[in-house]
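The values are calculated or read from the model by the stated rules, or taken from the named source; none is laboratory data. Computed from a predicted structure; not experimentally measured. Cβ: placed from backbone, ideal geometry, glycine included. Neighbour counts: every protein chain shown. All accessible areas refer to the heavy atoms of the entire protein, side chains included, with ligands and DNA or RNA removed. Shrake-Rupley method; radii C 1.70, N 1.55, O 1.52, S 1.80 Å.
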Amino acid sequence: MIRLPIRLRLALFFAAGAAVLLTAVAGFGYLRLSSGLSQDLDRELRQRAQDLIVPVGRPGASLKDLAGTGFIERGESFAEVVSPSGRLLEATATLDGRPLLSPAEAGRATEGTITLDRSNAPGLDEPARLLATPFTRQGRTLVLVVGDTRENGLETLRRVRAQLLVAIPLLVLLTFLGAYAAAGAALRPVEAMRRRALALTASDPALRLPLPAGDDEITRLGNTLNDLLGRVETTLERERSFVATASHELRTPLALLRTELELALRRPRSAEELVDAIRSAQAEVDRLERLAEDLLLLAQAGEGRLPVQAEAVRVAEVFTSVAARFANVAATSGRDVEVAPTDTVVRADRRHLEQAVTNLVDNALAHGGGVVRLAARRLDGLVEVVVSDQGDGFGPDLLDRAMERFVRHRNSSGAGLGLAIVVTVAEANGGTTGLRDVDGGAEAWLRFPEVPVAAVQSV
């Protein structure tokens, strides 16, 4: 089905409304005019009858003698006197001696004044209106009939009708044109925004739509769309930065790996030198593997495809597993990883929870100081998993953005994805995460829904 443009639909709607309204008003006015003309003619006939009753009631009076005297005008007005049986007694010359009333109508007129319409009057061949009223002459009841042509009133109605038939379509057309122009002016900013949106590209430095002056609905719509475009622009910038930084992070270990292999092949090497080169290459391959896994996890989370298998997980078991994993690393750097006793249970994906705690401990060992401590506390139906250290903290400049992608701590050689993955894991499992500086160090926390211990004895 073909849908008309909004501008044309609005114009047609207003034109149809104007047509209905004008037709109703014109019809009402036409009927009022027709009724008014009939009432005026009736008043004129009653007045003429009252004026004639006195002279025609005199003995020997004749209507022929009164014609043209002002009581009866020659031409379009006429009168006659009939008996109660309808027999014509006298009449003006224009009637050619033909009675205007039937016997039944004459009988009704003797009882009171009546008005009648005739499609044509004798001698006039025009529509006429009659008024019949009783009067007395020499003690005898007779009926006086006066009449006048209706042609003048009908001619007036025909002229009015002809004018309305021309004026109403003209006014409807003017309404349509005015509404079409007004709708066009109102929708012009929308068309400007549409053309601008059609020309927008991701590389456009000004990713915005033009806004009309004022504070109407279209301006507010434009502001909303511009806010949306602003968020899109921010997302595009973040994605560009993500791709650029990820490319750089991938290129660095690949370049180091290539250098190690080239040096190993440049001249004959001893077995010890080859082992060192292979170990260095293996370290870069491990770094590439971790980076690829981190990027894949972030990509899956961004597309809503990160698999989550939520279950009841004992936090103490996760702490023990992570602490054992970092025992040698911590001992090598003269640090300790402590686990605070806890019986809390959370609902989360165990693998994701371990990955998040692992990243937090790794970050604390790499950038914090002193003892790294793992603890959990209950908070109104939630369990807060806390990884703390005794270092200098994040600082105000880094605290608010430390969990963004590729944001590195001072002098860090990592990819800057560890804390971003913690955020992704927390959100995917229906939890939250955050950082805070405290006296004597920093804390990173994760909050997940708590599972009552009594309900998971078998876990």
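For the reader, a short list of remarks on this structure follows.
- When the residues of the stretch 207-222 are filtered to those that are farther than 14 Å from residue 188 by Cβ and touching a Leu at 6+ places or on another chain (Cβ under 7 Å), the one that is most open to solvent (accessible area, probe 1.4 Å) is 208.
- Answer residue from the stretch 107-123, given it is farther than 20 Å from residue 151 by Cα and not β-branched (Val, Ile, Thr) and is least open to solvent (accessible area, probe 1.4 Å) among those: 109
- Among residues of the stretch 9-35 that are touching a residue at least 40 places away in the same chain (Cβ under 8 Å), those with a beta-carbon under 9 Å from a residue that is open to solvent by 50 Å² or more (accessible area, probe 1.4 Å) and not in a helix (DSSP H, G or I) at least six positions away or on a different chain give the pairs 12/4.
- Any hit, the stretch 169-177, residues being exposed (fewer than 15 other Cβ atoms within 10 Å of the Cβ), under 60 Å from the mean Cα position of the chain (by Cα) and among the polar types (S, T, N, Q): no
- Candidate set: the stretch 96-106, residues that are of a type in the set (Gly, Ala, Ser) and exposed (fewer than 15 other Cβ atoms within 10 Å of the Cβ); chosen: the one nearest to residue 81 (Cα to Cα): 97
- Residue count, the stretch 130-154 (criterion: closer than 19 Å to residue 104 by Cβ and either surrounded by fewer than 22 Cβ atoms within 10 Å (Cβ to Cβ) or not β-branched (Val, Ile, Thr) (or both)): 9
Residue-wise test of (1) of a type in the set (Asp, Glu); (2) more than 12 Å from residue 316 (Cα to Cα); (3) open to solvent by 20 Å² or more (accessible area, probe 1.4 Å); (4) without any contact (Cβ under 8 Å) to a residue 40 or more places away in the chain.
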site: 336; (1), (2), (3), (4): yes, yes, yes, yes
site: 352; (1), (2), (3), (4): no, yes, no, no
site: 368; (1), (2), (3), (4): no, yes, yes, no
site: 376; (1), (2), (3), (4): no, no, yes, no
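- Looking only at the stretch 36-60, and only at residues there that are free of Cβ contacts under 8 Å to residues at least 12 places away in the same chain and more than 60 Å from the chain's Cα centre (by Cα), the one that is farthest from residue 93 (Cα to Cα): 43
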